[in-house]
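Data block below; observations after.
Please treat every number below as a calculation from the coordinates, not as lab data. Everything numeric here is computed off the predicted structure, so don't read it as measured data. Using ideal geometry, Cβ is built from the backbone for each residue, glycine included, and neighbour counts are taken over all protein chains shown.
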Amino acid sequence: MSIRASATAESLGATALEPEVAAAVGPSLALRRLLHHRSAAAGLGVLGVYILAGLLGPLLFPFNPAQNHLVDVFLPPGRPGHLLGTDNYGRDELLLILNGMRYTLSLGLLAVAIGLVVGVPLGAISGYFGGWVDIVIQRFTDVLLAFPSIVLALALVAGLGPGLRNVVIAVGVSSVPAFIRLVRADTLRLRELAFVEAARALGAPPARILLRHVIANALAPVIVQATLQMGFAILVAAGLGFFGLGVQPPTPEWGELLGEARNYIFSDPKLATFPGLAIFGAVLAFNLVGDGLRDVLDPRLR
Amino acid sequence: MLTYVLRRFLVAIPTLWGVATVVFIMARLLPGDPARVIAGVLATQGDVDRIRRQMGLDQPLPVQYLDFLGSLLRLDLGRSAHTNAPVLEEIGSRLPYTIELAFVALVVAVAIGILAGVTAAVRRNSKTDLIISSLSVFGISMPVYWLGLMLIIVFAVGLHALPAAGADQPTSIILPALTLALFSVGLIARMTRSSMLEVLGQDYIRTARAMGLGSGSVIFRHALRNALLPIITVIGLQVGSLLGGAVLTETIFAWPGVGRLLIDSIFFRDYPVVQGLVLMFGATFILVNLLVDLLYAYVDPRIRYS
Amino acid sequence: MRTKLLALAVVGGLALAACGNGTTGTPTGGSKQGDTLRIAIGVDPDTMDPMRQTTTTIQNIVQMVVETMVKIDTSGKVQPALATAWQTSSDGLTWTFTLRSGVKFSDGQPFNAAAVKANFDRVLDPASTCPLCGPMRGVKSVDVVDDTHVKLNLAKPIAPMLGLLTEVTFGIVAPASIQKGGSTYSDQEKPIGTGPYTLAERVKGDHVTLQRHDGYWGTKPNYKSQKFLIVPEAASREALVRAGQADVILLPPVSDLPALQRDSTVKVLLAPGDRTIFMAFNTQDSQQTLLQKPEVRQALNYAINKDQIIKSVLFGAASPMDAPMASTLFGYCKVGSYPYDVSKAKSMLQAAGASNLTINLVSPQGRYIQDFQAAQVIANDLTAVGVKVNGPRTMDWPSYLGTINVAPAKASVDMHLLGWAPGYLDASQAMVQFQSTQWPPAGLATSYYQNPEVDQLLAKANSESDQSQRATDYCTASKQIWKDAPWLFLWVQRFPIVYSSKVTGVQSIPNESFYTMYASPA
């Protein structure tokens, strides 16, 4: 497959980014613009509420998901003490979702972190050194890209076994190629620029050039990509949970809750509705913020 | 043109080889003894040893690897541990369903996606644009497995209007195809919009408009045609996400395609079938994108000489 | 719908000698004729070969095509089928069967003694794959006496012979299709039998269609065809029957049973089953030695609110166990109960010096009705009597079996949830769980229970020729087992079937089998 086929497209449909424009925008200005960007602000707001609720909820209302109350199963929403009702174990649905938040968010965060830590250096090395290093890394990327993310993640989890750590690895691996592609493209351009050539002429070691001049200047598109990738990672991770291959119960991870709720879509459709809505909201928020970041950091597409 | 085609083929070969190698390594890294899994819980040690010999698992790894590549060249993917039928036959009997589903979903997604994207671009910053853009973000943020459940609740359970599962009725395909299409609709609409915006801003379009060409003609004969290249790329890449989405959609709607086969095989620990399917997913993606590249070169001759 | 776990070596010297009277089982539905009966099932058949098939639901389908020598009727009794009568020698080493005459396979070939021999030769061929053949391996050879008589020569007596012969594994397919060396000898894609239906079409992952066999020797079914839709999701199956797109479904989501029972457009059959669900203690536990004491295990039995769990978690799809086996088995007798009593459990634990008990507990998920859900509640109940519970942990089925099906020295968990269902309704198969010779890896007696008295009683019962004495022995053993409490005795699972009220005559056989052969439009 050719390099043109942007790695980001499968997950995000993002257009190629133009970082030279981005580099001109300072961080504080970018933040101010982001807050004035309508959809990005909405996304940030949703994320803020999520994080606050996910942190405060479990603190304020201690909750043990392994504890059940069989006399109160399948209560409808709106009962006193149970705003969203209860599930098949008589557990409070709202508390379940609040407690599940940290699993879902940290799954996404850790998976993207793997993508960044592995993908960004590989992309920079590939673009900077060129030659056979580039060829090897690019063919490797082609191979990883050939598998649909969910299939790659499923195959990995099938082998590694379910659980938080393995889901993070599986989803992380499937988000690596997007970062390699992105950073490589930027590096190819940056390495020809005067300030990088100057550093090289002054005898700076390649590692330092890569870190201080190349990666530092390619940060803007990486941030955009990482934000959008968060949404996608959450979708894939929750998909694994949905099939029972993710975090295992009684941990109330949203995908797992949704998967279990499949058994109750007639008797109690709310059990499938709320966790799905929560996943949808989180992914939407990351996508909105990512779009906003792209608009702000890359005014050409605004 | 011919040398270009050849060159693209030659680049695809190492990628296919890489895909095969990754699958081989993944299968060998898995914990547990595949021979024991295939032999079943009640098997004796003798059964396990026999299966191990049959599968060549008693050979050193490099020999296994060469055997594996050799049988791939002969299109021999082994036999299913669950049904004992050849893996190729298992996949072959399910593949038409997935192709049907993915094709219908792709047609729906391309038709709606391009139309929505063009409309949004032409009426840039209008209310229509806002609505289309918002819906597109909604589309790509929607968990397909959730959407599928919600559609079942509304159309199958609530309204009794459409089948909830299976593939045995003419209307069976509607819900799974819609579910599968939605993600791609959002993606294609977004791509079309930004691609169109770029083209619409270019000089020759302005010239064409200035020369008095009707706006419909400008949009469809000139702008869209030029915006089409990146859109084709995205559609090519959609094959990957459609196949991925098929895994989820087919499972929810009991659609008898390869996606559901993958999930079933994972749960049965039917490693030969899982291995064969992962290979097939990878190879399909590479070949489709090879075709897209060639199509691209055909549409835009500049590519060939770069 | 689960794969039967058959013990491999059930050895006994008893022959269930009985003589058939030639009746064929009575049709049960109405007499209205119908076109197609659509039945939604959850499993996709791995094979249609009766010899290779191990999943009850698929065996039920194959049974409509391929008949057996004898069969189990809807009340659980053995009835003649292709064999009309049988005799066994006094040493139990030969069985002679009289075959029904005038029967033809659906391809027109005659059914006769040679056909029976060809089938036994095939399933017992060491080169054949026959997972459930183990207990039949004692058959040394098969002789054709004349056209309607066949003789089985045994190396050693096989006590549950008739029970075994009800299994479709030993069903009779057309001999021409299993000629040695032929392509369908090792694997039958489309078996040809003598049954009331023929296998017309199979689309993998989607459906299997049976077509009525008009030359059937017995009572002809009312539906021209029966179509089995493969729908793995329980909720989707329910949607199909509610929307009228399926006439019968097996295993709806149990949480919807109360609502389905209220729905006048469908009927719910909570078929009695033979699967006991229990939590096996590791009675030889070296990490948690307190579990070696029967008093501790009894105390924990009092700690579980079984009735509440059956009501709220299983929605009535089970009945509490009152013996170490299901009431549908030969050899069952009601033994007692461990009523829910928290204070009794607590004081018993204290008396046994087990007030600081720590237990790790595992359960499969999705294997039995609400298994993991129930395990979570059980863990709660145990916590309520002061036990510190680590778990329940869950894992996929192969890993799960790998964890519990190990020699005692390698055991890593203190308690595990399991279901056990005999393939044919005889206590001998249920009781292998309590024989010390059946400890893993030799068998699947995963509680490592050992009581010499019980071992002796069971060995005796398995080789006893007097049926009532045999029943008494099983009953005595049951009482001792109940007292020793190697299990947390939970419940006997029912087999829920839901069908449209436009259909009648949907029945079940108490070994988790559906019976729609003679269903008809209502």
- line: Taking every residue of C:238-245, the Cβ atoms of other protein chains inside 10 Å of its Cβ average out to 6
query: Ranked highest first by average number of other Cβ atoms within 10 Å, how do A:56-66, B:132-142 line up?
result: B:132-142, A:56-66
query: When only C-alpha pairs under 8 Å and at least 6 residues apart count, what is the relative contact order of chain C, in percent?
result: 21 percent
- prompt: What is the distance, in nm, between label points placed 7 Å from the Cα along the Cα-to-Cβ direction at A:GLN67 and at A:LEU193?
  reply: 5.6 nm
Mean separation of Cα contacts under 8 Å, 6 or more apart, over the residue count of segment C:273-494: relative contact order %: 35 percent
field: Of every Cα-Cα pair in chain A, the percent that sits beyond 38 Å
entry: 21 percent
statement: Length-normalised contact order of chain A, Cα under 8 Å, at least 6 apart, in percent, tallies to 27 percent
- prompt: So, in nm, how far is label B:ARG7 from label C:THR383 when the simple model puts each one 7 Å beyond its Cα toward the Cβ?
  reply: 6.6 nm
- request: Report the extension gain between A:ARG79 and A:SER28 in nm, rounded to one decimal, defined as 0.36 nm multiplied by the number of residues separating them, less their alpha carbon distance.
  value: 13.8 nm
- prompt: Which cross-chain or sequence-distant (5 or more) residues have an amide H under 5 Å from the amide H of C:TRP86, H modelled 1.01 Å from N in plane?
  reply: C:GLY20, C:THR98
task: Compute the FRET efficiency between C:ALA459 and C:ALA127 as 1/(1 + (r/R0)^6), taking r as their Cβ-Cβ distance and R0 = 41 Å, and round to the nearest 0.05.
output: 0.80
- prompt: Counting partner chain Cβ atoms within 10 Å of every residue's Cβ in C:310-323, what's the average?
  reply: 1
task: Tabulate in residue order the Karplus-calculated ³J(HN,Hα) for segment A:104-120, using 6.51 cos²θ - 1.76 cosθ + 1.60 with θ = phi - 60°, rounded to whole Hz; enter x for Gly and Pro.
output: 5, 5, 6, 4, x, 4, 5, 4, 5, 4, 4, x, 5, 4, 8, x, 5
statement: In whole Hz, the Karplus estimates of ³J(HN,Hα) for segment C:349-359 (6.51, -1.76, 1.60; θ = phi - 60°; x where Gly or Pro) are 4, 4, 4, 8, x, 10, 6, 10, 6, 10, 9
task: Report, ordered by chain and residue number, the lysines lying within cross-link reach of C:LYS460, taken as a straight Cα distance under 25 Å and ignoring same-chain residues fewer than 8 apart.
output: C:LYS77, C:LYS140, C:LYS156, C:LYS334, C:LYS479, C:LYS483
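Compute the Cα gyration tensor for segment C:77-187, then decide on rounded, prolate or oblate, letting a ≥ b ≥ c be the square roots of its eigenvalues: rounded whenever a/c is under 1.5, prolate when a/b is larger than b/c in the other cases, and oblate in all that remain.
It is oblate, given that a/c is not under 1.5 and a/b is not larger than b/c.
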- prompt: A:ARG212 versus C:GLN480, label points 7 Å from Cα toward the beta carbon: distance in nm?
  reply: 8.4 nm
field: Table column - 3J(HN,Hα) (Hz), segment A:44-53, Karplus curve with 6.51, -1.76, 1.60, x for Gly and Pro
entry: 4, x, 4, 4, x, 4, 4, 5, 4, 5
Within 10 Å of each Cβ in A:253-266, the average number of Cβ atoms from other chains: 5
- request: Determine by what factor the alpha-carbon radius of gyration of chain C differs from 2.2 N^0.38 Å, reporting the quotient.
  value: 0.99
field: Computed P(r) (all Cα pairs; segment C:273-494; 5 Å bins; percent)
entry: 1, 7, 15, 20, 21, 18, 11, 4, 1, 0
task: Sort B:MET280, B:MET196 so that the residue with the fewest other Cβ atoms within 10 Å of its own Cβ comes first and the one with the most comes last.
output: B:MET280, B:MET196
query: Of the peptides C:369-382, B:104-117, C:315-328, C:261-274, how do they stack up when ordered by the mean number of other Cβ atoms within 10 Å, highest first?
result: C:369-382, C:315-328, B:104-117, C:261-274
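Subtract the Cα-Cα distance of C:SER89 and C:ASP466 from 0.36 nm times their separation in residues, and report this length gain in nm to one decimal. Present the calculation step by step, with values, prior to reporting the outcome.
On the way: separation 377, 0.36 × 377 = 135.72 nm, distance 1.50 nm.
Result for the pair: 134.2 nm of gain on full extension.
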task: Would you mind checking which residues have amide H under 5 Å from C:HIS207's amide H? H placed 1.01 Å from N; only 5 or more apart, or other chain.
output: C:ILE230
query: Charges only on Cβ, +1 for Lys and Arg, -1 for Asp and Glu: so what's the dipole of segment C:273-494 about the Cα centre, in debye to the nearest 20?
result: 420 debye
- request: Apply 1/(1 + (r/R0)^6) to the Cβ-Cβ distance of C:SER412 and C:LYS156, taking R0 = 41 Å, and write down the FRET efficiency to the nearest 0.05.
  value: 0.65
task: Would you mind ranking A:TYR89, C:TYR515 so that the residue whose beta carbon has the fewest other beta carbons within 10 Å leads the list?
output: C:TYR515, A:TYR89
query: Percentage of Cα-Cα pair distances in the protein assembly as shown greater than 57 Å, rounded to whole percent?
result: 20 percent
query: If we sort C:347-353, B:177-183 on the protection proxy, mean other Cβ atoms within 10 Å, highest first, what's the order?
result: B:177-183, C:347-353
- request: Using a/c under 1.5 as the rounded threshold, could you call segment C:32-142 rounded, prolate or oblate? The axes a ≥ b ≥ c are square roots of the C-alpha gyration tensor eigenvalues, and prolate needs a/b larger than b/c, oblate otherwise.
  value: prolate
